[in-house]
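S.K.: Take this structure first; my questions come after.
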Amino acid sequence: MKIESLNIGEPQRYPWRGGTMSSMVKQPRAGRVRIDLQGLVGNAQADLVNHGGEDKAVLCLPEQNYALFGIDQPFGFLGENLTLSGLDETQVAVGDRLRFGEVVLEVTQPRSPCWKLSALTENPHFTRQYAESGRVGFYCRVLQAGELAAGMMGEWEQDTAQPRIPIQPLFLAKYRPETAAQWQLLEQIVQHPALSTAWREAIEQQLQERTA
């Protein structure tokens, strides 16, 4: 596993919907960057309700997703902080840990893509296509702070203490639960101690509405 690009963004105004502040597009950063419990130092969020916080300190995206979605742009364009090689959403699961030197990250939830991706790509269907693929990237919390840099090699530690629920099937189950197996997956994941609070609460509500 390798950090192909380390990306940092700051809020800027886009013409979407009459003027929207967003930190969606991030710029690759050279050299070592400090990471703490809130994420990469120097990275800022425009929407603190839906982004940021310790459960979503770092957004990771497999590098192959750019080719998968036909995006010919520098890494960071799709909003990720870390562009990674060596793993993808079909493999990595909630609770897995990513170690880069002294830094330890823990996978907490899939990314929840929003309308801004369609605005950014100027494709009204992009967000839906992105979501329906389940190849959405994933968030991590920072268990141990330190410094990161593009080019760093890391270790991917699979969580074997809990049922393995990879990011892609988890996202698809929450996005559009259609089968008994998907509902069972959602019932399992809410018991996982590494799952983010936001996703735990949202899935618990889904489950309650289903039984109401």
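Throughout, read-outs are computed from the coordinates displayed, never taken from laboratory work. In this text the structure is predicted, and so the values were computed from the model without any measurement. Glycine also receives a Cβ, built like all others from the backbone with ideal geometry; neighbour counts cover every protein chain displayed.
S.K.: Determine which residues of region 145-159 fall in the zone a paramagnetic label at ARG32 would reach in this model, i.e. backbone nitrogen under 18 Å from the point 7 Å along Cα→Cβ.
M.R.: Counting only backbone N, you get 145-155.
S.K.: Could you grab the relative contact order for the chain? Cα pairs under 8 Å, six or more apart, rounded to a whole percent. Numbers along the way, then the final one.
M.R.: Working: 455 pairs, mean separation 53.3, N = 212.
About 25 percent, as a whole number.
S.K.: Restricting attention to region 62-142, which GluC sites (Glu not before Pro) occupy a DSSP loop and are surrounded by at most 15 other Cβ atoms within 10 Å?
M.R.: Details: sites: GLU63, GLU80, GLU89, GLU102, GLU106, GLU122, GLU132; in loops: GLU63, GLU80, GLU89, GLU102, GLU122.
Answer in residue order: GLU102, GLU122.
S.K.: Continuing with this model, one more query. Taking a ≥ b ≥ c as the square roots of the Cα gyration tensor eigenvalues, with a/c under 1.5 meaning rounded and otherwise prolate when a/b beats b/c, else oblate, which class fits region 66-212? Mind showing how you got there, number by number?
M.R.: Details: a/c = 2.07, a/b = 1.13, b/c = 1.84.
The shape class here is oblate.
S.K.: Now for a separate question. Under the rule a/c < 1.5 gives rounded, and otherwise a/b versus b/c splits prolate from oblate, where does region 1-90 land using the Cα gyration tensor?
M.R.: Numbers: a/c = 1.69, a/b = 1.20, b/c = 1.41.
Oblate is the answer for region 1-90, as a/c is 1.5 or above yet b/c matches or exceeds a/b.
S.K.: Between TRP156 and THR211, what is the spin-label point distance in nm, taking each point 7 Å from the Cα along the Cα→C-beta axis?
M.R.: 3.5 nm
S.K.: Turning to a different aspect of this structure: Each label point is 7 Å from the Cα along the Cα-to-Cβ direction; what then is the distance between the points at GLN184 and ALA44, in nm?
M.R.: 4.9 nm
S.K.: Here's another thing I want to ask about it. With springs only between Cα atoms under 10 Å apart, run a GNM on the chain and tell me which of ASP36, ASP88, ASP72 wobbles the most.
M.R.: Maximum fluctuation in the GNM of the chain, among the listed residues, is at ASP72.
S.K.: So how long is each side of region 2-161 along the principal axes, counting just the alpha-carbon atoms, biggest first, in Å?
M.R.: 43, 30, 27
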